[in-house]
1. For region 1-107, which GluC sites (Glu not before Pro) are both in a DSSP coil and crowded by at most 16 other Cβ atoms within 10 Å?
2. Rounded to the nearest 20 debye, what is the charge dipole size of region 220-351 about its Cα centre when +1 sits on each Lys and Arg Cβ and -1 on each Asp and Glu Cβ?
3. Which value in deg cm²/dmol, rounded to the nearest 500, describes the helix-derived mean residue ellipticity at 222 nm for the chain, given -39,500 (n - 2.57) per DSSP H run of n ≥ 4 and division by the residue count?
4. Please work out the FRET efficiency for the pair Asp209 and Ile311, using the Cβ-Cβ distance as r and a Förster radius of 22 Å; give the result to the nearest 0.05.
5. With labels modelled as points extended 7 Å from the Cα through the Cβ direction, what inter-label distance (nm, one decimal) is found for Asn70 paired with Lys222?
6. In debye, nearest 20: dipole of region 1-84 around its Cα centre with unit charges on the Cβ of K, R (+) and D, E (-)?
7. Using alpha-carbon pairs under 8 Å, 6+ residues apart, how would you state the relative contact order of the chain in percent?
8. How do 258-271, 163-176 rank on mean C-beta neighbours within 10 Å, highest first?
Amino acid sequence: MQEKKIVFLTGSTGFIGAYVLHELLVQTEACVFCLVREHNNVKGLPRIKENMKKYALWDREFEKRIVPVNGDLSKPMFGMSETEFGRLGGSVDSIYHCGAHVNHVFPYLQLKAPNVSGTQEIIRLAVTSRLKPVHYTSILGTIRGQWESERRLTESISPGKQPVANTGYGQSKWVAEKLLYEARERGVPVSIYRLVEVFGDSRTGIVPDKDLFWWVIKTCVKESAVPDVSLYFNITPVDYVSKALVYISLQEQYTGKNFHLVNSTFSSWRDFYNYIDQFGFPVKLLTYRQWHAMLLSKIETSGNDMLFPIIFRFPDPDSYEKSGGESYEDMPVLEQENTRGALKDARIQCPRVDFTAMSRYFSFCIEKGILEKPSIFLSIPAAVKQTTG
Ligand SMILES: NC(=O)c1ccc[n+]([C@@H]2O[C@H](COP(=O)([O-])OP(=O)(O)OC[C@H]3O[C@@H](n4cnc5c(N)ncnc54)[C@H](OP(=O)(O)O)[C@@H]3O)[C@@H](O)[C@H]2O)c1
């Protein structure tokens, strides 16, 4: 029988945090202390509950094992008194740090407090009262420099000497990972899970509304226009990421290592065009230049600044034409030796983001009225249709 432990989780009101919380509740018997900020007068537990319901993850049995802890990552000791912080450090057995201000527009200085100082406070908690492991969700972009020079990226690669990220967010994640490396060298058991494009739930088709890649797909469907472009994406469904992360975190012999929780294959943009077409959405192929102009005008008219980073993913037409686009051979090989080893006895595999998976995401959006049903659409294939709760 598993010993009842206490784990500390940040980010439970966010996307990945909701799934990690769910997996902690399902895969362990632990009690989960969740760091939450009050938002619009809504307190911790109702926020966590609402968020889990949004992703069809809530079960009323969970309530007794979730303990909201009021606090803010950007404040020293999360805004707690020394006594409260000390008590927390003494109660907790392990830490899952999924909280961060995910904003691809803000400069580094605006993100430093939650993402960098917040991670420093996590390290402080890890060494307060007794040493405890830290499990941290990072980005593959921390090793982006090596990506440009090396074809194979092993999990043991450490972040380069300087960040190559072109956003304050990427830079803040690089500094945070550097700090965790430093803590690891000084004896703190730190596991780092590097993620790329974490996508919706492959079982239910639920995609978070703010997902950028999904916003591009939705725009293509709504505007009936898709670019003829050669680009590659690494799309990893969140259910795999969270299941794998929690399972790996429970394999003590793997504590203190890095893991690439990514899809082992990159998907071509052309595959996504085919899925849209195959599903029955009428789309015409545009040149990249035409499509890019359409995308920019949509971003402008939407008034949503948060969409701005899409232009980092879809380069400007001049540079695209100059480079001739990406080829599959340009993509790095993302090695997963630790991940495979830690998961060898588990039945946890990254789902393929193929036509069946994409159909599930489309069906979810149709059910919710986000996308219109294509007129030639007959019925949702049984393999695709699942209840979204
Ligand atoms: N999504 C991806 O594709 C992806 C890819 C690579 C890595 N990651 C990493 O995975 C983690 C989770 O990402 P996500 O997509 O789930 O982000 P998200 O949906 O934006 O969630 C962020 C979470 O962090 C919390 N948070 C932000 N600032 C805070 C503060 N000052 N104090 C306390 N909590 C704070 C948020 O709380 P509020 O609800 O109160 O704002 C929310 O719970 C992040 O570390 C991110 O860098 C994500």
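Any read-out appearing in this document is the output of simple, stated calculations on the displayed coordinates, not a laboratory observation. Predicted model only: the values in this text are computed from it and were never measured. Because the Cβ atoms are built from the backbone with ideal geometry, glycine has one as well, and the counts that use them run over all protein chains shown.
1. Here the GluC sites (Glu not before Pro) that fit, given the DSSP loop and packing criteria, are Glu3, Glu29, Glu38.
2. 340 debye
3. That comes out to -11500 deg cm²/dmol.
4. 0.65
5. The answer from the label model is 3.8 nm.
6. 240 debye
7. That works out to 17 percent.
8. Those peptides, ordered most packed to least, come out 163-176, 258-271.
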